[in-house]
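One structure is given here, and the rest of the page talks about it.
The values are calculated or read from the model by the stated rules, or taken from the named source; none is laboratory data. Computed from a prediction, not measured in an experiment: that's the story for all the values here. Don't worry about glycine lacking a Cβ; one is built from the backbone with ideal geometry, like all the others, and counts go over all protein chains shown. These accessible areas exclude ligands, DNA and RNA; they are computed on the full protein's heavy atoms, side chains included. Shrake-Rupley method; radii C 1.70, N 1.55, O 1.52, S 1.80 Å.
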Amino acid sequence: MNKLAQIITRIIDFFYRPFAKWIPEQVFRYAACGGGNMVLDWVLYFLVYNFVIGHEIVKLSIVNYQLSITPHIASLCIVFPITLVTGFWLQKYVTFQTPKPENPQTLRQLGRYILIVAVNLAINYFGLKLCVETLGWYPTPSKMLITVVTVIVSYMGQKYYTFRTKKQV
């Protein structure tokens with residue numbers, strides 16, 4: 001996995017050169033990794049919403065309780081774990097380049113990452129509820145708009161909380 005992170009970093013750094021005067025390297029890497037993960041999120045969301053769930057209410061039976069989930073929220077629940085894992089890996093090993101996986105900080109960082117992502121999940125959930133159910137907007141563009149907010153929250157949280165270095169403290 002470390003080799004894959006090095007390859008991805010080299011590719012991103014190749015495209016960074018023309019922007020080096022204006023954008024810090026870490027911000028560029030964050031944008032590239034986050035952008036790639038965001039596109040993966042959008043594509044998976046679109047595919048799940050349109051072809052897996054098919055715009056239908058998802059009905060779950062839990063013990064003796066019937067739970068109905070709207071298709072846009074069910075799609076979010078399916079896609080979320082995938083992009084959680086890919087996002088953590090990219091941010092840890094490409095953007096912030098923290099030490100090897102066996103580093104004891106990895107579990108703490110993962111916990112912090114999940115906390116920041118949980119905040120973003122709440123923003124996504126309530127944002128989708130507002131945009132789709134209250135304002136009547138289409139789900140995929142709504143998801144894209146909400147992503148702009150979560151990108152800002154995520155970068156600040158990851159930089160200053162999850163992957164902070166001793167210099168930042």
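Structure summary
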quantity: Check on Val148, touching a helix residue (DSSP H, G or I) at 6+ places or on another chain (Cβ under 7 Å) and either of a type in the set (A, V, I, L, M, F, W, C) or exposed (fewer than 13 other Cβ atoms within 10 Å of the Cβ) (or both); calculated: no
quantity: Flag for Ser154 being part of a helix (DSSP H, G or I), among the polar types (S, T, N, Q) and either open to solvent by 80 Å² or more (accessible area, probe 1.4 Å) or closer than 27 Å to Val27 by Cα (or both); calculated: yes
quantity: Members of region 45-79 found to be assigned to a helix (DSSP H, G or I), in contact (Cβ under 8 Å) with a residue 12 or more places away in the chain and either more than 29 Å from Phe96 (Cα to Cα) or open to solvent by 40 Å² or more (accessible area, probe 1.4 Å) (or both), listed by number; calculated: Phe46, Val48, Tyr49, Val52, Pro71, His72, Ile73, Ala74, Ser75, Ile78
quantity: Lone unmet requirement of (1) closer than 26 Å to Ile11 by Cβ; (2) of a type outside the set (Ser, Thr, Tyr); (3) crowded, with 19+ Cβ neighbours inside 10 Å for Pro139; calculated: (1)
quantity: Those residues of region 129-141 which are under 16 Å from Val43 (Cβ atoms) and in contact (Cβ under 8 Å) with a residue 12 or more places away in the chain, in sequence order; calculated: Pro139, Thr140
quantity: Total residues in region 129-152, condition within 16 Å of the chain's Cα centre (by Cα), of a type in the set (A, V, I, L, M) and modelled with pLDDT of 90 or more; calculated: 2
quantity: Residue among Thr86, Thr98, Thr106 that is open to solvent by 20 Å² or more (accessible area, probe 1.4 Å), outside any loop (DSSP other than H, G, I, E, B) and modelled with pLDDT under 90; calculated: Thr106
quantity: Tally, over region 102-128, of residues that are within 18 Å of Met144 (Cα to Cα) and without any contact (Cβ under 8 Å) to a residue 40 or more places away in the chain; calculated: 8
